[in-house]
1. Can you give the percent of C-alpha pairs in the range 210-253 whose distance is more than 15 Å?
2. Report the Stokes-Einstein translational diffusion coefficient (µm² s⁻¹, integer) for the range 354-481, Rh taken as the Kirkwood radius over Cα pairs, at 25 °C with viscosity 0.890 mPa s.
3. Per residue, how much accessible area does the chain have with a 1.4 Å probe, in Å²?
4. Could you sort Asp191, Asp285, Asp200 by their accessible area in this structure, using a 1.4 Å probe and putting the largest first?
5. Dipole of the chain (Lys/Arg Cβ +1, Asp/Glu Cβ -1, origin at the Cα centre): which of Gly539, Gly594, His89 lies farthest to the positive side?
6. Round to a whole angstrom and tell me the spacing of the C-alpha centers of the range 256-320 and the range 211-243.
7. Do any GluC sites (Glu not before Pro) in the range 132-177 lie in a loop, going by DSSP, with at most 11 other beta-carbon atoms within 10 Å of their beta carbon, and if so which?
8. Kindly identify the range 173-317 as rounded, prolate or oblate by the Cα gyration tensor criterion: order the square roots of the eigenvalues as a ≥ b ≥ c, call it rounded if a/c is under 1.5, otherwise compare a/b with b/c, prolate if a/b is larger, else oblate.
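The values are calculated or read from the model by the stated rules, or taken from the named source; none is laboratory data. As the structure is a prediction and not an experimental result, all values here were calculated from the model. Cβ placement follows ideal geometry from the backbone for every residue including glycine, while neighbour counts extend to all protein chains displayed. Quick note on the areas: whole protein, heavy atoms, side chains included, nothing else; ligands and nucleic acids left out. Shrake-Rupley method; radii C 1.70, N 1.55, O 1.52, S 1.80 Å.
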Amino acid sequence: MIIFLHVIIMTRISILDKDRCQPKKCDYLCIHYCPGVRMEEDTIVIDEDTKKPLISEELCEGCGICTNRCPFDAITIINLPEAAGEPIHRFGQNQFELFGLPNLEAGTVLGLLGPNGIGKSTIMNILSGTLIPNFGDFENKPENWDAVIEYYKGSSLQKYFQDLSEGNIKTILKPQMVDKLPKVVKGKVKDLLGNVNERDKLDYVTKELQLENVLDRNMENLSGGELQRVAIAATVLREGDFYYFDEPTSWLDVSQRLNAVKVIRSLAEEGKSVLVIEHDLATLDALSDNIHILYGQPGGYGVVSGRKGVRIGINAYINGFLAEENVRIRRNPIEFTIRPPTPEDEGDALASYSDLSKEYDGFSLTADEGEIFYDEIVTAFGSNGIGKTTFAKMLAGVEEPTTGEVDEEVTIAYKPQYIVSNFEGTVSDFLYMNAPSFGSKIFESEIMTPLTLDEMLDKPVKGLSGGELQRLAIAATLSKDAEIYLFDEPTAFLDVEQRLIAARVIRKMVESRNAASLIVDHDIVFIDYISDRAMVFNGTPGLNGHASKPTDLRNAMNEFLGNLNITFRRDKETKRPRVNKLDSYKDREQKEKGEYYYLSD
């Protein structure tokens, strides 16, 4: 009898988080308990330069003892999926590894969708020519593009890297952290845009991105939303072949996001190739022709999926299963529900306020009297510069209203729009000083673990990314014992997963404390996911604003989107909101019915 044995060879990688690893405190427990080391193999050795452990992936048996024994959770042993393929780049031993690259195509907008820390920025660095991939051989740094060109022989990427290495193509990149631009770019906006107007599109870009009112202002005096639009404009104005946009909609309102979509898509209409990293699903849907999904383990490894149609790709991401790759990227799908309207006059009032007004030099805000109920989440949306943050500050007691009264007996925890990162110390130090419930079991299980703060406790606050700072600020706000939790743009720099996790954490903490929350945000998908009721802000940006009282989400959205002349439909499969193209059949049909928001696809 002949017996055939099918042997599956499992590839694994070992990841060491050097920020969390503290051998002076644990005396190398990972080495002491490693079975390989006990058998006198060099499974784990000490790096002479960093004094940190180095794990040999060839000798590691994947027993998991080192991961369980490490008191700082600094070691991760990962079994790679078969679909990962061959590595494209690795940053070093026991460091992040990338598998695959997206396929670029002239005249199209290609989107990248995936969590933070999964390799999207690494992909942009490779494709823009600032990083030569080493195909996993991190010990020998490549000196030229020859190996890359040979690896992709016969594919479209061969010609791309050939032209890139010879300087025959030009890549233009819009960075993620636009709030840092004033530190490196000085002077007036009009001078900056005039100096980069290589495509002679200054008038078009200025008009579409609504920059006329900021042209004579200095860069250091711009808001986050204004800096974002200036950064998009400067990128589009330059002459290039391939354009890369890293999170182009942070701090933009809904109207500005769709204007940015129009301007970025104009590049593809002129035959340019565009790659976009974006976490706002509605914007990504409207912007992209195709997408690649990135999956894996943030900070460990990332795999680029095959190219997918934008609707199919986003739905696959939401459902958590990639059929072509036969890979499950999430245990449970993300579920969107169409909730019945919340009655405006049913509920126990937690806080109330009278008709309010606030007068500044050149700007005024009025707000209709309203109530906020126990156990509810109210969202506030409208154009930038129309008074949402001012209203939030009046409720929080940061600003005094010119006329009217706010219930001062209510305690409020407030997360501002812009987060200052000049704290001297680690995340743990920050939480100890600014999060009253830090150290409690509730904080650990209901806030810190879902927001994955435990992975960055030993990191210096000054070195945190935008998404890490945002999660830290949300956690610090929720740690306070308050009756109303007020969040100003909590989704900025968070990926899709983190946005929805933050929504669930806020919901759970609000309901467990019999409290309420008011959230100012622009992400329609996030607003749809979290809202019980909503407030609409109308007016003229920079001059005057008016806030409606909290009302049911459907009526509020219909009013808001009706003023913008924009319609959203529901996807048949996932029920997520999707923006309609202007003057499309669905757009015209919904406008005739006066339904700007809740129709199904």
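1. On the way: 416 of 946 pairs.
Across the range 210-253, Cα pairs with separations above 15 Å total 44 percent.
2. 147 µm²/s
3. Ligands and nucleic acids excluded, the result is 45 Å² per residue.
4. On the way: Asp191 80, Asp285 15, Asp200 125 Å².
My answer, sorted largest first, is Asp200, Asp191, Asp285.
5. Result: His89, furthest along the dipole toward the positive end.
6. That distance is 22 Å.
7. In loop regions of the range 132-177 (DSSP not H, G, I, E or B), the sparsely surrounded GluC sites (Glu not before Pro) are Glu139, Glu143, Glu166.
8. Because a/c hits 1.5 or more and a/b exceeds b/c, the range 173-317 counts as prolate.
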